[in-house]
1. Give the residues of region 269-280 that are surrounded by 15 or more Cβ atoms within 10 Å (Cβ to Cβ) and assigned to a helix (DSSP H, G or I), sorted by residue number.
2. Which is of a type outside the set (A, V, I, L, M, F, W, C), on the phi > 0 side of the Ramachandran plot and touching a residue at least 40 places away in the same chain (Cβ under 8 Å), of GLY21, GLY47?
3. Of (1) touching a Leu at 6+ places or on another chain (Cβ under 7 Å); (2) of a type in the set (Gly, Ala, Ser); (3) crowded, with 19+ Cβ neighbours inside 10 Å, ALA415 satisfies all except one. Which?
4. Could you please give the count of residues in region 20-57 that are open to solvent by less than 10 Å² (accessible area, probe 1.4 Å), part of a loop (DSSP other than H, G, I, E, B) and polar (S, T, N, Q)?
5. Here is a list of conditions, (1) within 30 Å of GLY445 (Cβ to Cβ); (2) in contact (Cβ under 8 Å) with a residue 24 or more places away in the chain; (3) part of a helix (DSSP H, G or I), and ARG323 meets all of them except one; can you say which number that is?
6. Which of (1) assigned to a helix (DSSP H, G or I); (2) surrounded by fewer than 19 Cβ atoms within 10 Å (Cβ to Cβ) does GLU245 not meet, given it meets every other one?
7. Does LEU395 fit the bill of being open to solvent by less than 20 Å² (accessible area, probe 1.4 Å), in a helix (DSSP H, G or I), at negative phi and at pLDDT 95 or above?
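The values are calculated or read from the model by the stated rules, or taken from the named source; none is laboratory data. Since this is a predicted model, take the numbers as computed values, not measurements. Positions of Cβ are backbone-derived with ideal geometry, glycine not excepted, and every protein chain shown enters the neighbour counts. What goes into the accessible areas is simple: the full protein's heavy atoms, side chains included, and nothing from ligands, DNA or RNA. Shrake-Rupley method; radii C 1.70, N 1.55, O 1.52, S 1.80 Å.
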Amino acid sequence: MVSGNDIEYGALRRILQLSAGTSTFTMVACSSPSLRESLCQRLLADGLHFHEAHLGLGTTDPVAASRAAIPPDATGAVFITGLDYLLADSTPGSDHLLAVLNRSRERWRAAFPGTALVFWLTQHTVVRVLTHGPDLRAWVSHELEFTGEHIGPAVRMDHGSLSRNYTWLSNLDAPAKRARLAELEQRLTGTTPDPALFQEWARSWDEKLYLLQSLGENVTAEQQATALLQHYPEGDEAALPWRAETFDHLATLLAIRGETDEALRIRREEQLPVIEKLGDARLCAVEQGKIADILKARGQLDEALRILREELLPVFEKLGDVRSRAVTMGKIADILMARGQLDEALRIRREEELPVYEKLGDVRSRAVTMGQIADILSARGQLDEALRIRREEQLPVYEKLGDVRALIVGRTNIAMILAQRGHKDDGMEIITHIAWAWREARRMGLPEAGQIEKIAGKLGLTVEILAQFAEKV
């Protein structure tokens, strides 16, 4: 039986085939990143070529940004992505940007003459455009809608195209994350599906584990990752990459709990052999980087630094993988800071990391990096600026994203800076941050709970005082 998605896919394919040399505007409603990826892979398999213009965080002129992203001599359709975050109700300036888009038809035609433009949007963004952008809606020549996760016949994609890249997902606010999680939980079971559906089933489970962690549901994530490992088909080559991905989640969760021995064993014995078997140099480098993270946590700084400089950077620079290079430079900055090399660590954060995340529209990674800059400034005694960054550029992001563990660390850091600053009127804010962080760390079973108790003790706050305030904050 032909599904609704198959019918819509046929329409999209005809649009791309028949609109060559003419200007067309197509709006595609598709709320699932994995489904969109599947559709794009199928288009490529059908011999239809296109280019993607991703609009990152901070984009103020979508037309100019899209034009700059596409080579001047490029042919074929242009897919516009990234508008969902830019047009979100909670994104500053989104109303103005929608007004700009509403009046931009002729600019798009001038920038992309004779080109099929396809705007990929979530259902929520489509509703906002239809409600608040009537002129924009009026010049759309085609509207398509894809629902669910799977489009058939299934396209067997390589693991590289399916490996996690959840920038779009991580940028969703907490309610949207929970809505997506609820959607996944309604239809996902541990039972392995038919082979034709296996890749999307595994991808959806991977996304679910990611969402659980990002929302601070670590105990549930660990339980489900452990159970999921029992459901992968034995001896099935297609399952090996996803088995490694699930072990990745498990190792991350164990490291968070402080069980670094088992986390290191999993990475070296369960993951790395599978990834090496796949022959993917990039994935091998990424895994080595995670091993370096554990070594750093154990105080083995020299070996961690060697791995980062000798086994990661050359691979990412050769591949032109800008994001992974930035992540690796950040790990190097961590070690340099631990060694007291603050100036070089600060330079890396500001020049090698931050611009990359801003260009990619990676809201969470930018917030993390800003916090790490605040760490360096605190170590240099620049407390007021460090405090401003924590309050204004980091904490609001974590609150919006619902990243509870990051909030625990962030609020504890704010309390420590306030205490270090020594203003007499900061006392209530200090105890409010500390009590909230202690309560949430205990709820999540994190080792940070004990660390927070020690910090509180140095500030003259007993466990009894923390418990008293934890009920109120």
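1. Of the residues in region 269-280, the ones surrounded by 15 or more Cβ atoms within 10 Å (Cβ to Cβ) are 270-272, 274-275, 278, 280.
Hits for region 269-280 are GLU270, GLN271, LEU272, VAL274, ILE275, LEU278.
2. On the way: GLY47 fails: touching a residue at least 40 places away in the same chain (Cβ under 8 Å).
The unique qualifying residue is GLY21.
3. (1)
4. 1
5. Status for ARG323: all satisfied but (1).
6. (2)
7. Values: open to solvent by less than 20 Å² (accessible area, probe 1.4 Å): yes; in a helix (DSSP H, G or I): yes; at negative phi: yes; at pLDDT 95 or above: no.
Considered against the rule, which asks whether it is open to solvent by less than 20 Å² (accessible area, probe 1.4 Å), in a helix (DSSP H, G or I), at negative phi and at pLDDT 95 or above, LEU395 comes out as no.
For (1) surrounded by fewer than 14 Cβ atoms within 10 Å (Cβ to Cβ); (2) touching a residue at least 24 places away in the same chain (Cβ under 8 Å); (3) part of a helix (DSSP H, G or I); (4) not basic (Lys, Arg), each residue gets a yes or a no:
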| position | (1), (2), (3), (4) |
| --- | --- |
| PRO241 | no, yes, yes, yes |
| HIS249 | no, yes, yes, yes |
| ALA255 | no, yes, yes, yes |
| GLU262 | yes, no, yes, yes |
| ILE266 | no, no, yes, yes |
